[in-house]
Amino acid sequence: HPVPVITIDGPTASGKGTVAHRVAQALGWHVLDSGALYRLTALAVIQKDIDPDDAEAVAHVAQNLQVEFHPEGVRLDKLEASELIRQEQVGNLASRLAPNPLLRAALLGRQRAFRQAPGLVADGRDMGTIVFQDAQLKIFLVADVQARAQRRCKQLIEKGISANLKDLLADMRERDARDIERAVAPLLPAQDAHVVDSSNLTIDQTVQSILDLWSRV
Ligand code: C5P
C-alpha cells in the first residue's frame, strides 16, 4: 500500500495551511505547505535579482533551492525565512511565477519526497490534481472571498502589519483569477475531491469534517 496522503487544495486564504497542520497533528502525519516552495522561489528570485519573466532562470533557482523545513518554520540557504516568505510582496511574486511550467516541473520531485510514513497532509493548489493524483482523500477547501479577506486582514493586523480590507479583497480576487485561469495546473477541484466550504465553519469544525471524511476512507 502506498503511504497515505490527504490533499487540501483551494484558493488563497481559505485556511488551508492552518487546517492542514491541524489535521496532520491529529493523525501524527507529516505536512507539506507547497505554497511555501513557490514563496521560497520568489524570495530567492528577489534576493538573486533574477528576471521573473525568464522562465528557465526561475526554474533553475527552484531546482537549486537550499531549503530546510523545521518545526518552527523554514530556512533558505541556512537563513530563517519563515517571516520573509509571508510578506504580501513575496506572495504576489509567487503567484506571478506559478504559471511557469518549468518552475512547476522543477518543484514536483521535491514535493513528492514529502510522502513518507506514516502519512502526509499536503496543501496547495494542485496537490490533488497533479502532485498526488493517487491521494486517498482529496479536499477542496473554499470560503467566500469576503470571509477570506477578513481572515487575512485580521491575521496581518495581529502580526502588527498594516492591512486594508479593500486592497486585500482586490489583491485576493486578482490572485484567484491568476490561479484559476492559468493553462498549467490551474486551481480546480480534482474530480474525486470533496468540496468543503469553511465560510461559516470554525477551524475546529473544518478540521473535524476532514477527519470524519478520512475515517470513512
Ligand atoms: O498558498 P500560498 O499563498 O502560500 O501560495 C503562494 C502562491 O503559490 C499562490 O498564489 C499560487 O499561485 C502558488 N501555488 C501554486 N501551486 C501550489 C501552491 C502555491 O501555484 N501547489
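The values are calculated or read from the model by the stated rules, or taken from the named source; none is laboratory data. These numbers come from a predicted model, not from an experiment. When we count neighbours, we look across all protein chains shown, and the Cβ atoms used for this are built from the backbone with ideal geometry, even at glycine. Only protein heavy atoms, including side chains, enter the accessible area calculation; ligands, DNA and RNA are left aside. Shrake-Rupley method; radii C 1.70, N 1.55, O 1.52, S 1.80 Å.
Annotations for the structure displayed:
- Filtered by the rule that a residue be among the small types (Gly, Ala, Ser), open to solvent by less than 40 Å² (accessible area, probe 1.4 Å) and either at pLDDT 95 or above or not in a loop (DSSP other than H, G, I, E, B) (or both), segment 11-31 gives GLY17, ALA20, ALA24.
- Within segment 40-55, the set of residues being open to solvent by 30 Å² or more (accessible area, probe 1.4 Å), assigned to a helix (DSSP H, G or I) and not small (Gly, Ala, Ser) comprises ILE46, GLN47.
- Residue in segment 1-10 that is farthest from the chain's Cα centre (by Cα), counting only those that are open to solvent by 10 Å² or more (accessible area, probe 1.4 Å) and either among the acidic types (Asp, Glu) or closer than 19 Å to MET127 by Cβ (or both): PRO2
- Selected residue (criterion: modelled with the lowest pLDDT) from residues of segment 77-92 that are out of contact with any strand residue (DSSP E or B) (no Cβ under 6 Å at 6 or more places or on another chain) and not in a helix (DSSP H, G or I): GLN87
- Pairing each residue of segment 194-215 that is touching a residue at least 40 places away in the same chain (Cβ under 8 Å) and more than 13 Å from ILE6 (Cβ to Cβ) with any residue that is aromatic (Phe, Trp, Tyr) and surrounded by 12 or more Cβ atoms within 10 Å (Cβ to Cβ), provided the two are 6+ apart or on different chains, yields C-beta distances under 9 Å for VAL195/PHE140.
- Criterion (more than 23 Å from VAL23 (Cα to Cα) and of a type outside the set (S, T, N, Q)) met by exactly one of ILE130, ILE157: ILE157
- Selection count where residues are hydrophobic (A, V, I, L, M, F, W, C), open to solvent by less than 80 Å² (accessible area, probe 1.4 Å) and in a strand (DSSP E or B), scope segment 58-73: 1
- Hey, GLU83 charged (D, E, K, R), surrounded by fewer than 18 Cβ atoms within 10 Å (Cβ to Cβ) and within 13 Å of the ligand (Cβ to nearest atom) or not: no
- Count of segment 142-198 residues which are crowded, with 17+ Cβ neighbours inside 10 Å and at positive phi: 1
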